[in-house]
Each structure stands twice: as structure tokens, then as C-alpha cells.
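Below is the structure I would like to discuss, written out as C-alpha cells.
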Amino acid sequence: MTTTNPSPRTISVAIIGAGMSGLCMAAKLQDAGIEDFTLFEKADEVGGTWRDNTYPGLTCDVPSRYYTYSFRPNPDWSHMLPPGPEIQQYFREVATERDIRRHIRFGAEVRSAAFRDGKWWLTTPAGDEAFDVLVTATGILRIPRYPDIEGLDTFAGPMFHSARWDHSVSLPDKRIGLIGTGSTGVQITAELGGKVRGLTVFQRTAQWICPWPNPRVSERTKAALRRWPRLNAFGYWFYSRFVRSMFGVAPVRPGWQRWLYQTQCRWNLRLSVRDRELKKKLTPVDQPMCKRMIFAGHYYRAVQEPGVEIVTEPIVRVEPRGVVTADGTLHEVDLLVLATGFDAHAYVRPLAVTGEGGRTLEEAWADGATAYRSVAVPGFPNMFMFMGPHAPVGNDSLINIAEHQADYVTWWIEQLRAGRIVAASPTEEATKRYNEDMKAAMPQTVWTTGCRSWYLGKDGLPELFPWEPDRYSELLRAPQVTDFEVRTAL
Ligand code: NAP
């Protein structure tokens, strides 16, 4: 990989997105002494998902001690599981403290990116600009999915997607219709059940709920964490080991971890819901963990509050006054909330990305999205992506994944900067081999046991990592240069 006379170069890096991943990339570049980078952010603030999602009850179900960058502990989390607004505040602070904001262009939506003459040309409303390296950090659950229900547009009251919450609409006086019982719908129900005039939850598929307490962090604990930062580091280590050895393993390998979660879910339902009819409605047919596992403390309590109704009859249409189900009932509601999930398979799209020889990412992914170790695609030199296809987003904290991906990308940028290479992209052969290995390992995962979920890709297989998260960290820790087509001159 070395040239006869490598000479160091200044490398310019374009990062698309200033959410959790983009900020992580920026911080890692700073740590490597690389300051020539620009973040393009279409909104007017950092935070991505945590900026866009503001629904009542929004909480991350990864323990707060682990839902931080390892390089920036936070002694101030109010709860064991971090509330959404605190996470958003955390990212805002990181951007400010590390002086990343001066690298961010807000309101700058990148419309297209094309690789020409050894550079990535980005088109934004301000014009075209060239960079040596392109890093996409556009998030995974970014594009709201609206349900295709007859008459949805005819609803007379306010209606919005959970990721576009309209806070000008008052809630206590409303009869709310909520469509969707994924992680989002469950958190909204747990928060609003019993606190609003009525809550009708339209459940298409029952979900398993894993009970998860969320105690407050006492002021004394926070003071101790501030005083002894090593305590924080220990908390990070402890929870990372806990999450990775339990939640990281359970979905991908049959064993006691899977048994434990599944048993917890079954007993949670058995012990928490007394009414037989309601229990029947809430009993899923799928195996626990086949869909994205839901961790929640108060859901079953909330659905038993007065004024809360679980409707399992399929929705047939929406009318101005409410939702009509297959049994002919019109469920009258004043507000309709669509907690119907996201298009999780868009990745960087709809951004138009064109690689070498004019081949677009759309063409490269015509049969389904694939990548080399979730970060790079053959034919797209010097382009790296966060949370690409098959990242371990189904069994690890996304922040941890982002850190490993950022370190990996930084390693390649350092090769470019040292002048050892001028371009690198994974070979077709290595990418194919990697994806075939993953495909072969999928049947042992719980995700292939027959449920419908956003995890499944075009081929009906989960677009997830079928092994433990530690294995993914290992794969990224040691870049395999022989898997790459590396050029030392253009
Ligand atoms: P989701 O898991 O995709 O759930 C969407 C829900 O909407 C499902 O219940 C689905 O039913 C229902 N639905 C979709 N279209 C429908 C239609 N036409 N009619 C009736 N029901 C319909 O979406 P989400 O709840 O927003 O969660 C997405 C992901 O975000 C989660 O899996 C998780 O990874 C992440 N998340 C994380 C947290 C956290 O605490 N870390 C919190 C919230 C979200 P079916 O099940 O029948 O498809």
C-alpha cells in the first residue's frame, strides 16, 4: 500500500448530517488532528433523530450511562434511561464544547454527490463544492412512513406523524386516535394513557413488552459522578458489557439470554393484565424479540387506565370524524397520531449519489442495499457511511456503533492524509463474500422467525448484523486492506 515517496496531503472531508453520527465523526477527526471538515445539515440545529422526535414520553431504552460517547461522559442524566430532550441537550453541548459548530453549515441540504476526477462533488443550494472524502451520517430512522389508509386526508381534526409532533395541539381535552404499537406508540401510550380525554390505540400486531424500570438518578449520585469521573467510566463499561452480553447476544444466538428476555416478556403480560379479553388482544403470535424488542415500564398499566381502548379490528378507512374498522364501528377521535414507523431502508437516499463510471447508488442497490462491513460500497471510492446496511442496530447502542465506524473511517482518512493512497473502495468480491457469510448466519437469529418488522429488507431477510456486537467492533478495529481496491495514483 505504500508509494515510493509518500507525501502528506491536506484532506478535506464532507460529512452529511450533524446528528449523533456526524458529530461523532467530527470529534474523532478533531482528535486525529484533522480540521479540514465540513458538516452539511439541512435543519437549523444538531441532533438528528433527537431533534426531530419530540413526542410525549420519548425516552431512549438504552441505559443512559451507555448512551453517551465514550469520550464525553455525562454525569447529569436524570434517569437510568435518558429522556429524549436530555439527549438532544447532550448533543447540543457536545457540538458547542468541541467547537464543532463552526464546521457546520446549517440549512444546507445536499442534493447530490458525485465522484469525478478523484473528488466528491457536492451540490447544495449554495452551489457545487469538491471534497476528498465523503462521509454520510444521515441516520437510519429519518424518513417517516405514512400509512396507506383510505380517506386519511379527509380527517377533519389535527393529524401528524409521531416524528413531526405538533406541540401547538393541546392534548388533555382530546380523544386521541393512535395508530401503531411499536416502540414509539408504546411510549406515547404509556405517557398519555389516563391523562387525556380518550386514547384509542389501533393495534395491527400485538407486541411483546419487556418490563424495564426507569428510576431517577439521585442528586447525590450525580454529585459523586461529577466528583469522581472514574465512576462514570465504570458505569459506561458496566452498562456496555451488560447491554452487549445480554441484548447483544439474545437475538442472534439461541441460549439463556434469549430465554430470559422471552420469559420476562411472557410473565410481564401474564402478571400485568388481569382482564382476559384485554390479555388476549395484547398477546402476540410472534416470538419475543422477532420484532424490535420493546422495553417499557408502564405500558400495561396505561392501557388499563379509564378512557384507553385497544382496538384490534383492522382499520378500513378514515373519515372526517374518525377511524372506521372492519366491524363497521366508527371510532370518533379529535386528533390522529400516526406512530407508523420509518422507511428504514433508504439509508442515504433520496440523496443522489454517483460513484465511479457514473454508476449510482440506486443502481448498485437495485436488488437491495448491501455494503462492506456497513461502511463502504464497491465503486464508491473514498465514500463511507454510518449505519449502512447490516450494521448491528438491532442488538447494540447506536452510539457505540458510530464510534467504531468513526474510528474506522478516520483510519482510512489518515492513509489518504499520509499520502500512502489516493483512493480506496472495497472490492466487489470481498463485499459479496461478507454479505454471503451474513446471509448464511441469519437463520440462527430470532429476527427470521416469521414476523413482519422494519428489520426486513427487500429479500425478506433482516438488514441487520447476525452476530454479536463485539464481533462487529473487531471487524472494524482491524481494517483489512486486501479487501480494498487501493490506488496510489489517479
Ligand atoms: P415501528 O416499530 O415500525 O412500528 C410501527 C407501528 O405502526 C407498528 O405497530 C405497525 O404495525 C404499525 N403500522 C404501520 N402501518 C400501519 C397501518 N397501515 N395500519 C395500522 N398499523 C400500522 O415504528 P416505531 O414505533 O416508530 O419504532 C421504530 C424504531 O425506532 C424502533 O423499532 C426502535 O428501533 C426505534 N425507537 C427506539 C426507541 C428507543 O427507546 N430507543 C424509541 C422509539 C423508537 P405492524 O407491527 O403490524 O407492522
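Name the strands (runs of 3 or more DSSP E) wholly inside the stretch 1-119 in which the number of residues that are within 18 Å of the chain's Cα centre (by Cα) is 2 or more. Quick ask: steps written out before the conclusion?
Numbers: elements: 13-16, 37-41, 104-106, 112-116.
Filter on the stretch 1-119 gives 13-16.
Moving to a separate point now. When residues of the stretch 456-471 are filtered for being within 16 Å of the ligand (Cβ to nearest atom) and buried (at least 20 other Cβ atoms within 10 Å of the Cβ), how many remain? Quick ask: steps written out before the conclusion?
First, the residues of the stretch 456-471 that are within 16 Å of the ligand (Cβ to nearest atom): 456-457, 460, 462-465, 469.
From what's left, buried (at least 20 other Cβ atoms within 10 Å of the Cβ): 462-465, 469.
Final tally of qualifying residues: 5.
Let me ask you something else. From the residues in the stretch 461-490 that are of a type in the set (Asp, Glu) and not in a loop (DSSP other than H, G, I, E, B), which one is farthest from the chain's Cα centre (by Cα)?
Taking the stretch 461-490 and keeping what is of a type in the set (Asp, Glu), we get 463, 468, 470, 474, 483, 485.
Still in the list and also not in a loop (DSSP other than H, G, I, E, B): 470, 474, 483, 485.
On the way: 470: 18, 474: 21, 483: 27, 485: 30 Å.
Taking the candidates together, the pick is 485.
Also, I was wondering about something else. Filter the stretch 143-169 for residues that are touching a Phe, Trp or Tyr at 6+ places or on another chain (Cβ under 7 Å) and in a loop (DSSP other than H, G, I, E, B); which is nearest to residue 354 (Cα to Cα)?
Step by step, filter the stretch 143-169, then rank; the result is 143.
Residues in the stretch 123-141: is at least one in contact (Cβ under 8 Å) with a residue 12 or more places away in the chain, assigned to a strand (DSSP E or B) and within 12 Å of the ligand (Cβ to nearest atom)?
Scanning the stretch 123-141 turns up no residue that is in contact (Cβ under 8 Å) with a residue 12 or more places away in the chain, assigned to a strand (DSSP E or B) and within 12 Å of the ligand (Cβ to nearest atom).
Among the residues of the stretch 330-346 satisfying the criterion of being in contact (Cβ under 8 Å) with a residue 24 or more places away in the chain and more than 15 Å from the ligand (Cβ to nearest atom), which is nearest to the chain's Cα centre (by Cα)? If you could, list the steps in order and put the result at the bottom.
Initial filter on the stretch 330-346 (in contact (Cβ under 8 Å) with a residue 24 or more places away in the chain): 331-346.
Still in the list and also more than 15 Å from the ligand (Cβ to nearest atom): 332, 334-335.
Values: 332: 34, 334: 31, 335: 27 Å.
Looking at the filtered set, the residue picked out is 335.
While we're here: Here is a list of conditions, (1) surrounded by fewer than 16 Cβ atoms within 10 Å (Cβ to Cβ); (2) outside the structural domain of residue 389 (by TED's automatic domain parsing), and residue 161 meets all of them except one; can you say which number that is?
All conditions are met except number (1).
Every residue in the stretch 354-375 that is in contact (Cβ under 8 Å) with a residue 60 or more places away in the chain and under 14 Å from residue 428 (Cβ atoms), please.
Kept after step one, since they are in contact (Cβ under 8 Å) with a residue 60 or more places away in the chain, are these residues of the stretch 354-375: 354-356, 367-375.
Those that are in contact (Cβ under 8 Å) with a residue 60 or more places away in the chain and under 14 Å from residue 428 (Cβ atoms): 355, 356, 367, 370, 371, 372.
Exactly one of (1) buried (at least 16 other Cβ atoms within 10 Å of the Cβ); (2) under 29 Å from residue 246 (Cβ atoms) is unmet by residue 113. Its number?
Answer for residue 113: the failing condition is (2).
Take residue 200 and tell me if it is closer than 28 Å to residue 387 by Cα, buried (at least 19 other Cβ atoms within 10 Å of the Cβ) and either assigned by TED's automatic domain parsing to the domain that holds residue 314 or not basic (Lys, Arg) (or both).
On the way: closer than 28 Å to residue 387 by Cα: no; buried (at least 19 other Cβ atoms within 10 Å of the Cβ): yes; either assigned by TED's automatic domain parsing to the domain that holds residue 314 or not basic (Lys, Arg) (or both): yes.
Considered against the rule, which asks whether it is closer than 28 Å to residue 387 by Cα, buried (at least 19 other Cβ atoms within 10 Å of the Cβ) and either assigned by TED's automatic domain parsing to the domain that holds residue 314 or not basic (Lys, Arg) (or both), residue 200 comes out as no.
Which one is nearest to the ligand (Cβ to nearest atom), of the residues in the stretch 296-307 that are outside any helix (DSSP H, G or I) and surrounded by fewer than 23 Cβ atoms within 10 Å (Cβ to Cβ)? Please lay out each step first, then the result.
First, pick out the residues of the stretch 296-307 that are outside any helix (DSSP H, G or I): 296-298, 304-307.
Next, only the ones that are surrounded by fewer than 23 Cβ atoms within 10 Å (Cβ to Cβ) stay: 297-298, 304-307.
Numbers: 297: 12, 298: 14, 304: 19, 305: 20, 306: 24, 307: 21 Å.
Looking at residues that are outside any helix (DSSP H, G or I) and surrounded by fewer than 23 Cβ atoms within 10 Å (Cβ to Cβ), I get 297.
So for the stretch 279-286 (the condition being free of Cβ contacts under 8 Å to residues at least 60 places away in the same chain and within 16 Å of the ligand (Cβ to nearest atom)), does at least one residue qualify? Please lay out each step first, then the result.
Of all residues in the stretch 279-286, those free of Cβ contacts under 8 Å to residues at least 60 places away in the same chain come to 279-280.
Now drop any that are not within 16 Å of the ligand (Cβ to nearest atom), which leaves none.
No, that holds for no residue.
Right, residue 358: surrounded by fewer than 22 Cβ atoms within 10 Å (Cβ to Cβ), within 26 Å of residue 462 (Cα to Cα) and out of contact with any Phe, Trp or Tyr (no Cβ under 9 Å at 6 or more places or on another chain) or not? Explain how you work it out, then say what you get.
Details: surrounded by fewer than 22 Cβ atoms within 10 Å (Cβ to Cβ): yes; within 26 Å of residue 462 (Cα to Cα): no; out of contact with any Phe, Trp or Tyr (no Cβ under 9 Å at 6 or more places or on another chain): yes.
Here the answer is no, as residue 358 does not meet what is asked.
Considering only the stretch 434-455, state which residues are loosely packed, with under 13 Cβ neighbours inside 10 Å and farther than 30 Å from residue 204 by Cα.
Answer for the stretch 434-455, where residues must be loosely packed, with under 13 Cβ neighbours inside 10 Å and farther than 30 Å from residue 204 by Cα: 436, 437, 440.
Further question: Scan (1) away from the ligand (no atom under 16 Å from the Cβ); (2) touching a residue at least 60 places away in the same chain (Cβ under 8 Å); (3) surrounded by fewer than 16 Cβ atoms within 10 Å (Cβ to Cβ); (4) not hydrophobic (A, V, I, L, M, F, W, C) for the single condition residue 213 breaks and write down its number.
(1)
Collect the residues in the stretch 165-187 that are within 12 Å of the ligand (Cβ to nearest atom) and touching a Gly at 6+ places or on another chain (Cβ under 8 Å), keeping them in residue-number order.
Hits for the stretch 165-187 are 177, 178, 179, 180, 182, 184, 187.
Would you call residue 269 touching a Lys or Arg at 6+ places or on another chain (Cβ under 7 Å) and either small (Gly, Ala, Ser) or surrounded by 14 or more Cβ atoms within 10 Å (Cβ to Cβ) (or both)?
Working: touching a Lys or Arg at 6+ places or on another chain (Cβ under 7 Å): yes; either small (Gly, Ala, Ser) or surrounded by 14 or more Cβ atoms within 10 Å (Cβ to Cβ) (or both): yes.
Considered against the rule, which asks whether it is touching a Lys or Arg at 6+ places or on another chain (Cβ under 7 Å) and either small (Gly, Ala, Ser) or surrounded by 14 or more Cβ atoms within 10 Å (Cβ to Cβ) (or both), residue 269 comes out as yes.
Of the residues 304, 287, which single one is out of contact with any Ser or Thr (no Cβ under 7 Å at 6 or more places or on another chain), under 29 Å from residue 212 (Cβ atoms) and not aliphatic (A, V, I, L, M)?
Values: 287 fails: out of contact with any Ser or Thr (no Cβ under 7 Å at 6 or more places or on another chain).
304 is the lone residue from the list that is out of contact with any Ser or Thr (no Cβ under 7 Å at 6 or more places or on another chain), under 29 Å from residue 212 (Cβ atoms) and not aliphatic (A, V, I, L, M).
The values are calculated or read from the model by the stated rules, or taken from the named source; none is laboratory data. The structure presented is a predicted model; accordingly, all values stated were derived computationally and were not measured. Virtual Cβ from ideal backbone geometry, glycine too; neighbours counted across all protein chains shown.
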